[in-house]
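Okay, structure first, notes after.
Nothing in this text is a laboratory measurement; each read-out follows from the coordinates by a stated rule. This is a predicted model, so every value here is computed, not measured. Cβ atoms come from the backbone with ideal geometry, glycine included; neighbour counts cover every protein chain shown.
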Amino acid sequence: MLYGENYENLDFALNAQPLEAKVRQQRIAEMQARVRLDRFKDAYPARLSGGQQQRVAIARALVAQPLAVLMDEPLSNLDDELKDELCRQILDLHASLGFTLVYVTHSKEEMRRIGTRTFRC
């Protein structure tokens, strides 16, 4: 069976896990749907928009079901409308999947929207 570029990108993240092929396929398909990339699964990364590329990166980080995820300024190069959309999506994924999120940003607005705890020097 042939798979698209985004499938292979997400599958790479699962290489360290001993999963049956059916489970891998199911996880990847579910994650592509969760980040709304299922209709772009055959697209090459260079043909994706910046927001779609960020969705691939988020899906790749989450498909292996990690306990914690570090996001280093994931929205910095996106326009305001797309930032809002992806910010909501990150919050939804965080709530539904229950991973610990360490989110690095220089934007006070993003910090207020994403953060549940802040640390001061």
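Quote to one decimal, in nm, the extra length available between residue 68 and residue 84 on full extension: 0.36 nm per residue of separation minus the C-alpha distance between them. Before the final figure, lay out each step's value.
Details: separation 16, 0.36 × 16 = 5.76 nm, distance 2.25 nm.
Gain on stretching residue 68 to residue 84: 3.5 nm.
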Springs between alpha-carbon atoms under 10 Å, Gaussian network over the chain: tell me which of 33, 64, 46 tops the mean-square fluctuations. 46
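Output the relative contact order of the chain, whole-number percent, from Cα pairs under 8 angstrom with separation of 6+ residues.
Numbers: 103 pairs, mean separation 30.0, N = 121.
For the chain, the relative contact order is 25 percent.
Using the Cα gyration tensor of region 9-69, with a ≥ b ≥ c the square roots of its eigenvalues, what is the shape: rounded (a/c below 1.5), prolate (a/b larger than b/c) or oblate (neither)?
Details: a/c = 1.98, a/b = 1.54, b/c = 1.29.
Prolate, since a/c reaches 1.5 and a/b exceeds b/c.
Once the Cβ-Cβ distance between residue 112 and residue 57 is put in as r, and R0 is 35 Å, what FRET efficiency do you end up with, to the nearest 0.05?
Values: r = 23 Å, r/R0 = 0.66.
Once the sixth-power term is evaluated, E becomes 0.90.
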Treating only the Cβ of Lys, Arg, Asp and Glu as charged (+1, +1, -1, -1), what charge dipole size does the chain show about its Cα centre? Round to the nearest 20 debye. 320
With Cα coordinates, the longest principal axis of the chain makes an angle with the long axis of helix 50-62, in degrees rounded to 10, of 80
